[in-house]
Amino acid sequence: MTTLDVVPARDPLSLVFAALADPTRRAMLTRLRRGPATVGQLGEPFAMTGPAVSKHLRVLERAGLITRGRVAQARPATLAAEPMKQVAEWAEQFREFWDLRYDRLEDYLTTMADEPEDDR
Amino acid sequence: MMIWAQSFAVTTPDDTSIVVRRDFGAVPTKVWRALTEPEHLRRWLGDPSFPLTTCEMDVRVGGRYRWVFTPPDGPGAMGVSGTYDEVARPRRLVTTEQFDDYPGPSVNTLVLDERADGRTAMTLTVRYVDREMRDGWVASGMAEGLGRGYERLDDALEAMEG
C-alpha cells in the first residue's frame, strides 16, 4: 500500500475543513444557525464542561467560522458566513470542474482513433 | 452516503476515502490512453477557459506528474502534482495527488473495468491521510448547504452522523 507523507496543510481551507470535521463542532454550528449562543447554551446538549466547549469554539473561531462577542462576562458566539461561502464556492467549482471534465472525456473518447489493442 | 451526484456518483465507503464512479463509452484500453497520454489529456482535461498549460507525465512506477491549469485572462492558476505508484495498463493506476492550494495529499486508485457492452466502468478511490481531512472534503457539501441558505445542511449533517 502506498504511504503518504503527512505535510501539515496551512491554507485557510484546511483550517475550515479541520474545524468542520468534528461532529460536536458541526452540531454547535447547527445550533448557531438559530442565533448567537453562550458557552453554557452550546454545551448543554452534550453535557459538556465550559472549558471543553471553549476549546471547540477556539477551533471554530480560528477557522473564522464564528465570531465571539463581549457581553459582560459572556462571549456569545455568532455564526460567520464568509468562510462557509468560500468552502461552498470551492465545492461548487470542484464539482463543476469534474462534471465538465468527465463530460469532455466522454465526448473526446468518441473522436479518438482506435488502436489495435482496442479489440472492440 | 452519497454526495455530489450529478454526472458522477460520489460515495464514502470508509473513514478516509471518497469513491467516484462514472461510466464511459469506450473500452478500457482507450480510456486508459485518454487518461495517461499527455496529447490526449491536454484535449479533454483542459478547456479554452481553463487550459492545461503544463502537462508533464512520466507514467511508470516512481515517475512524477505535474499539471497546471492557467486561465488565459487573469490569475487563478491551479497546480497539481504527484507520483505514479502502480501502473497496470489498462486496469489499475495508483497515484499520489497534491493540489498546490488545497488540502492533501491523497492516494488515488483508478480502476477501469470492462463491461459486457464494451463500455468502461471507472472507479476512482481517493484516500486521504486521515479521517479529518476526508471529512473536511465531505463537509464542504455541508458548507455548500450553509452557503446556499442552509437548505441542504440538515440532510448533509444527517448523512455525516450516520
Would you call residue A:23 in contact (Cβ under 8 Å) with a residue 60 or more places away in the chain and either closer than 30 Å to residue B:99 by Cα or more than 10 Å from chain B (Cβ to nearest Cβ) (or both)?
-> no
Residues that are among the hydroxyl-bearing types (Ser, Thr, Tyr), within 17 Å of the chain's Cα centre (by Cα) and more than 9 Å from every other protein chain (Cβ to nearest Cβ), drawn from the range B:67-104 | B:81, B:84
Counting only residues that are at pLDDT 90 or above and within 20 Å of residue B:106 (Cα to Cα), which one in the range B:1-42 is farthest from the other protein chains (Cβ to nearest Cβ)?
-> B:36
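This table checks each residue for (1) surrounded by 15 or more Cβ atoms within 10 Å (Cβ to Cβ); (2) in a loop (DSSP other than H, G, I, E, B); (3) of a type in the set (S, T, N, Q); (4) not assigned by TED's automatic domain parsing to the domain that holds residue B:23.
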site	(1), (2), (3), (4)
B:34	yes, no, no, no
B:83	yes, no, yes, no
B:104	yes, yes, no, no
B:107	yes, no, no, no
Looking at residue B:96, is it among the β-branched types (Val, Ile, Thr) and farther than 28 Å from residue B:16 by Cα?
-> no
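The values are calculated or read from the model by the stated rules, or taken from the named source; none is laboratory data. Remember, it's a predicted structure, so these values are computed and weren't measured experimentally. Using ideal geometry, Cβ is built from the backbone for each residue, glycine included, and neighbour counts are taken over all protein chains shown.
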